[in-house]
Amino acid sequence: MADEYAQRCDEFFAWLEELLDEHAGVADYESNGQICEITCTGGSQIVINRQPANQEIWLAAKSGGFHFRHDGTDWIDTRDGKPFGERLEECLQ
């Protein structure tokens, strides 16, 4: 299970970096594959990191903190069921 989580996280961070590269005018970022720090053009920051003990990915933004678990297809918010991509888009606006 831990190996599967690690692989999913590796894939997730590769996808996230690709996505942020495609939208370079919206935000700058630094990532080491464990933590990604995004600085938006307005100056606000978003931090995304692995939480291996919980098998989750966490996102911290000015609008709040969000936890995501993989459902076999996507990373889903544990509170309201939103996919990670939708939540990130909201936080970037």
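Laid out as a table, the results:
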read-out	value
Accessible area expressed per residue, the chain, with surrounding protein chains retained (probe 1.4 Å, Å²)	60 Å²
Value of [θ]222 nm, deg cm²/dmol, for the chain, DSSP H segments ≥ 4, -39500 (n - 2.57) each, nearest 500	-10500 deg cm²/dmol
Counted charge near THR39, where neighbours are those whose Cβ lies closer than 15 Å (Asp, Glu -1; Lys, Arg +1)	-4
ALA60-THR73 pseudo-label distance in nm [points 7 Å out on the Cα-to-Cβ vector]	3.2 nm
Label-to-label distance, nm, for residues given as GLU4 and GLU37 (7 Å Cα→Cβ offset)	3.4 nm
For the chain, projected area of the alpha-carbon convex hull averaged over all directions, nm²	5.6 nm²
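The values are calculated or read from the model by the stated rules, or taken from the named source; none is laboratory data. Just so it is clear, the structure is predicted and the values come from calculations on it, not from any experiment. Glycine gets a Cβ as well: all are built from the backbone with ideal geometry, and neighbour counts include every protein chain shown. Please note that ligands, DNA and RNA were not included when accessible areas were found on the heavy atoms of the full protein model with its side chains. Shrake-Rupley method; radii C 1.70, N 1.55, O 1.52, S 1.80 Å.
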